Amino acid sequence: MLDASRYTLAPGGDHPPVIVGGQGVYLYTDDGRRILDGCAGAIVGNIGWGRPEPAAAAQQAMAEGGYVVPIWATRHRLDLIERLTERWLPEGFDRVFLTSGGSESTDSAMRLARTYQLAMGRPERWKIVGRHPSFHGMTLGTIAVASHAGRRAGFEPMLVDFPKVPWDDPAAVVEVIEREDPGTIAGFLAEPIIGAAGACLSASDEYWETVTDLCRRHDIVLMADEVMCGYGRTGTTWGHQHTPMEPDVIVGGKGLGGGYVPMGAVAASRRITDALGSRQLMFFTFCGADAACAASSVVLDILESEQLVERAATLGTRLGAALRAELGNHSLVADVRGRGMFYGVELRCPAAAVVAETLRRDLFVYPAGTGADPVPQAVMVAPPFVVDEAELDDIVSRLGDALDEIAARRP
Ligand SMILES: Cc1ncc(COP(=O)(O)O)c(C=O)c1O
């Protein structure tokens, strides 16, 4: 067995499992366990684990050269951007800023909204409106725009006080935007379906119509954070396709690299990019690393050629039905919701206890909720799209057993 005693930065707490490999929907530990990955890592591994194709593409890209500064193009960067703009992004989204993850992408999108307003001659517009609840990453900028009690705790003095709107109340959105003065607002950042902060909360059509209309009317840049719900996770290419939301900017990460490489991308509509003139966003050193671009192109190719997004939609219906049948009336379950391979189970007990109890049954589900209203405690069930029916049933039944065990121990 490997020694993980110094793995974590802080010495307290339990030692984590040591993973030595993965295949399909399973992860293997150094002590011989086979863990059923019910949440694709951090809702990342859309194509499942152990695929040799992304590794081969990354290896070839590395062998061809090495690091190239992000202001220069490479074949692999251009190939990925071409695939994204021609096959994945909506019509009119023909420019992409490559990053190396979700937080870099949402943070860059915030800078893009500000840069757009500067280019339009509006230096007084700097606020980015966020929603409650939400999570957009772990930079101080993205923590500030988001509303996640657990992630903000202790850092509040370091956070810019951006305006927040409720996740579901259109009238309150109108009120906040008017109160803040639209002439000071640069952008609006929102997950079309709220992932870990809300365990798959979806707002009404009326909400998205109101948000889209307000943003259009006041020329506020509407940014869809599709880091978790994009790249097929909900059974369509993008989460916002389930809603009337019409974003100007689409932010992605996680599933784009499929967990094989750190990757993220910010795409914007022509309306936004045409206004920029020659104003570029400053890059991060490892933006669009060649090996990551090559591997991501292959991840997208696998999703396309194996029709895995369609599979996520079809099997997602079964996952939802099974979760509702098994857990819908459980005393520790407040709600089950979601679509595609993207489900949240809202809990009446601590998420950490459920994650620990499921792990004892060799199942991993993702802890969710913010520790505060409206969704204090939850777990996400979001396996790789290659999961089969028997494995889905296994995930649901192990989660049910874990909840039964916790319920039985309660006074
Ligand atoms: C909606 C959303 N946005 C942004 C991020 C940040 O992505 P990353 O952890 O890759 O920086 C996450 C991560 O979970 C996320 O769920």
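Here G316 meets the list (1) assigned by TED's automatic domain parsing to the domain that holds D79; (2) in contact with a Ser or Thr (Cβ under 9 Å, 6 or more places away or on another chain); (3) not in a loop (DSSP other than H, G, I, E, B) almost entirely, failing just condition (1). Going by the conditions given, is A73 modelled with pLDDT of 95 or more, assigned to a helix (DSSP H, G or I) and hydrophobic (A, V, I, L, M, F, W, C)? The answer is no for A73.
Specify the residue that is surrounded by the most Cβ atoms within 10 Å (Cβ to Cβ); the eligible residues are those in segment 96-128 that are away from the ligand (no atom under 16 Å from the Cβ) and among the aliphatic types (A, V, I, L, M). So, considering only residues that are away from the ligand (no atom under 16 Å from the Cβ) and among the aliphatic types (A, V, I, L, M), the one surrounded by the most Cβ atoms within 10 Å (Cβ to Cβ) is V96. Can you tell me which residue within segment 315-345, out of those that are hydroxyl-bearing (S, T, Y) and either modelled with pLDDT under 95 or under 21 Å from I194 (Cα atoms) (or both), is nearest to the chain's Cα centre (by Cα)? Applying the filter and picking the extreme gives Y343. Just one residue in the set V18, V68 is under 20 Å from L359 (Cβ atoms), away from the ligand (no atom under 16 Å from the Cβ) and surrounded by fewer than 22 Cβ atoms within 10 Å (Cβ to Cβ); that residue is V18.
Within segment 342-349, identify whether any single residue is of a type in the set (V, I, T), out of contact with any strand residue (DSSP E or B) (no Cβ under 8 Å at 6 or more places or on another chain) and buried (at least 18 other Cβ atoms within 10 Å of the Cβ), and answer yes or no.
No, because not a single residue in segment 342-349 is of a type in the set (V, I, T), out of contact with any strand residue (DSSP E or B) (no Cβ under 8 Å at 6 or more places or on another chain) and buried (at least 18 other Cβ atoms within 10 Å of the Cβ).
Within the set G235, G230, G258, the sole residue that is in contact with a Phe, Trp or Tyr (Cβ under 7 Å, 6 or more places away or on another chain) and under 17 Å from A312 (Cα atoms) turns out to be G230.
The values are calculated or read from the model by the stated rules, or taken from the named source; none is laboratory data. These numbers come from a predicted model, not from an experiment. Neighbour counts are summed over all protein chains in view; Cβ atoms, including those assigned to glycine, are modelled from backbone coordinates with ideal geometry.
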